[in-house]
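Engineer: Below are the structure tokens for one structure; questions will follow.
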Amino acid sequence: METINWILLLALAALTFALLVTVLGRKGRIYEYPFFAGAMFFSFVLPQLPGLAGDPYLPEGAFAKTMVVTLSCAVMLWLGWAVTNRPMRAFAYEMSEQRLITAAAALSAAGAFFYFKISHLPVEVRDLSLPTGLPVAYNFFAKMLGYGFTLATICFVRTGSRLALVIALFGAMFYLERIIFAGRRGDTSEFVLIILLSYWFERGRTVPRALALAAVLVGTLVMNSTGDYRKVAKAEEGPSLDRVMQIDFVGNLKDLLANGGPEMLNAVYKINAIDENMILDFGAFHWNTLVFNYIPAQVTGTEFKDLLFIPIRNPYAFTAHAPATGSTETGMADGFGSFWYFGAIKFFLIGLVLKRLYCAAMQRSIPGQFLYMLLLTPGMLAITHHTHFILNIWVHLSIFVYPVLLWSRKPADRFAPTTLGRSGPIRDPRRAFSA
């Protein structure tokens, strides 16, 4: 059985390498979802597996099952990206620059207000690993700051508007605070990608591919020492370069390779328990998540909210394993929990949706650019955390941003649909902003 484990692990490593080397093709492939998915498998998933491949205490066959599920999810997300070259035509319309900048300012101001409210919560409430109540409510509205920053960045890169630049710099201050003082990986990814993708979609500028591959290697070291960085950042004296340099990045990675990681360990136990007991939720997991995030118990009452949840059995109740606090279960496990081995269809759909958004973005569609920028990080979190991040933020965007986009839309002929050619997409010659 151990031999099979290593064969499957090597197969995943080969597939990960194939996802990464897609950047050696045409210019700009470093901004496509398969490359970022490969980066997540390389930096987050693979380092956790060697220490588990030969673990004699794992249930028999559990590791092999997890590897088959992981391989199928990786293949399906790549296939979902590859099957279409057509943009989402619903987003091919012209926008008013003035209205978009106004919307960016309003969203940024509203989001900043709620970040201010979060900063004034007691430390013991603000730093809870599983927050409830006011922190959840404030964070729900604080996300508008990121939407304002994204719109402002797109407008600045596209038109050079000084007002858009001021709004973007205002939002950047909040991002940098969360990156430097909280060590937030998701915010770091989102902030960098919004800037880089804006210049790619609008001006065709891209960072060197060798630099992108080097960033994956550096990210592998940094990602697996995030906990140590957060301890340094939250110290009373604050983060300092000397203390950051004292973190044993290489030693932490070696320890992970030797002993395995908690997230993939959770996935192994969960997938095995689901398979042995056929504990499938058939997508109820996503419904429950939406109820948890969007039905305020303060308004409806706890009893009514509890009635909306669909009962789901806990797979860990069938094991002797308890997930470590703060650890995730990976999207591969939640896909398996919904539809068994057919749960990989979730990753196919994620790849498909992101590809159609990417094609729209390359036609200079502002909604396409906006959505791809903000859904790319959740697309990566679908691998490392849960697949519900894509659905969750899509609903949130529909509430706060879709009305703004409708308001900013100007009557005009739609762009002609195009497809991606060998040298990249054919761009519509018209500007997305009307004169």
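The values are calculated or read from the model by the stated rules, or taken from the named source; none is laboratory data. All figures in this text were calculated on a predicted structure; none of them were measured in a lab. Because the Cβ atoms are built from the backbone with ideal geometry, glycine has one as well, and the counts that use them run over all protein chains shown. SASA here: full protein model, heavy atoms, side chains in, ligands and nucleic acids out. Shrake-Rupley method; radii C 1.70, N 1.55, O 1.52, S 1.80 Å.
Engineer: At 7 Å along the Cα-to-beta-carbon direction for both L176 and S327, put a label point, then send me their distance in nm to one decimal.
Structural biologist: 3.7
Engineer: Which whole-number percentage describes the relative contact order of the stretch 1-105, with Cα contacts under 8 Å and a sequence gap of 6 or more?
Structural biologist: The value is 32 percent.
Engineer: Would you please put 345-358, 20-33, 95-108, 142-155 in order of how densely packed they are, using the mean number of other Cβ atoms within 10 angstrom per residue and starting with the highest?
Structural biologist: 142-155, 345-358, 95-108, 20-33
Engineer: Picking from A215, L176, V192, whose Cα lies most toward the positive end of the charge dipole for the stretch 84-234 (charges on Cβ: Lys, Arg +1; Asp, Glu -1)?
Structural biologist: It is A215, whose Cα lies furthest towards the positive end.
Engineer: Accessible area per residue, 1.4 Å probe, Å², for the stretch 188-330: what's the number?
Structural biologist: About 56 Å² of surface per residue is accessible.
Engineer: Something else now. Sum up the charges of everything whose Cβ sits under 14 Å from the Cβ of A109, counting Lys and Arg as +1 and Asp and Glu as -1, but leave A109 out.
Structural biologist: +2
Engineer: Using a 7 Å offset from Cα along Cα-Cβ at N85, what residues in the stretch 339-365 end up with backbone N under 17 Å from the label point?
Structural biologist: 352, 355-364
Engineer: May I ask you to derive the relative contact order of the chain, considering only C-alpha pairs under 8 Å and at least 6 residues apart, and to give it as an integer percent? Don't skip to the answer; put the middle values down first.
Structural biologist: On the way: 619 pairs, mean separation 120.8, N = 435.
Relative CO of the chain lands at 28 percent.
Engineer: Hey, another quick one. Considering the options F41, W394, L107, tell which one lies farthest towards the positive end of the dipole of the chain, charges being +1 on Lys and Arg and -1 on Asp and Glu at the Cβ, about the Cα centre.
Structural biologist: So the residue we want is L107.
Engineer: Can I ask one more? For a paramagnetic label modelled at 7 Å from the Cα of A258 toward its Cβ, which residues of the stretch 323-347 fall within the zone defined by backbone nitrogen distances under 16 Å?
Structural biologist: None, by backbone N distance to the label point.
Engineer: Right, another one. Along the Cα-to-Cβ line of S96, 7 Å from the Cα, sits a label point; which residues in the stretch 346-368 have backbone N less than 12 Å from it?
Structural biologist: Counting only backbone N, you get no residues.
Engineer: Next question. Could you check how much of the accessible area of the chain is carbon and sulfur, as a whole percent, using a 1.4 Å probe?
Structural biologist: Carbon-and-sulfur percentage of accessible area, whole number: 65.
Engineer: Let me ask something additional. Compare N266, N277, N392 in a GNM of the chain, Cα atoms joined below 10 Å, and give the one with the largest fluctuation.
Structural biologist: Fluctuation is largest for N277.
Engineer: So, one more: Going from most exposed to least, what order do W407, W81, W340 have by accessible area with a 1.4 Å probe? Could the numbers behind the result be given before it?
Structural biologist: On the way: W407 115, W81 15, W340 85 Å².
Largest accessible area first, the list is W407, W340, W81.
Engineer: Now a separate question. Once label points are set 7 Å from the Cα along Cα→Cβ at both A317 and A215, what is their separation, rounded to one decimal in nm?
Structural biologist: 4.5
Engineer: Suppose R0 equals 22 Å. What FRET efficiency, 1/(1 + (r/R0)^6) with r the Cβ-Cβ distance, do E303 and L134 give to the nearest 0.05? Numbers along the way, then the final one.
Structural biologist: Working: r = 21 Å, r/R0 = 0.93.
Rounded to the nearest 0.05, the efficiency is 0.60.
Engineer: What Kirkwood Rh does the chain have if only Cα atoms enter the pairwise 1/r average? Answer in Å.
Structural biologist: 22.9 Å is the Kirkwood radius here.
Engineer: Right, something else. Using +1 on the beta carbon of Lys and Arg, -1 on that of Asp and Glu, and nothing else charged, what's the dipole of the stretch 14-121 about the Cα centre, debye to 20?
Structural biologist: Using Cβ point charges on Lys, Arg, Asp and Glu, the stretch 14-121 gives about 340 debye.
Engineer: Turning to a different aspect of this structure: Students often get this wrong, so check it: of K117/K143; K65/K254; K27/K355, which have C-alpha atoms separated by over 18 Å? Kindly include the intermediate steps, with their values, before the conclusion.
Structural biologist: On the way: K117/K143 13 Å; K65/K254 25 Å; K27/K355 16 Å.
Beyond 18 Å between Cα atoms: K65/K254.
Engineer: Then there is this: Modelling each spin label as a point 7 Å along the Cα-to-Cβ direction, I'd like the F17/A106 distance in nm, to one decimal.
Structural biologist: A separation of 5.3 nm, rounded to one decimal place.
Engineer: If you place +1 on the Cβ of every Lys and Arg, -1 on the Cβ of every Asp and Glu, and leave all else neutral, what size is the dipole of the chain about its Cα centre, to the nearest 20 Debye? Show your work: numbers first, answer last.
Structural biologist: Working: 37 positive and 28 negative charges, 449 e Å.
The calculated dipole for the chain is roughly 2160 debye.
Engineer: What whole-number value in Å² describes the accessible area per residue of the stretch 1-158 for a 1.4 Å probe?
Structural biologist: Working: 6510 Å² over 158 residues.
Computed with neighbouring chains in place, this is 41 Å² per residue.
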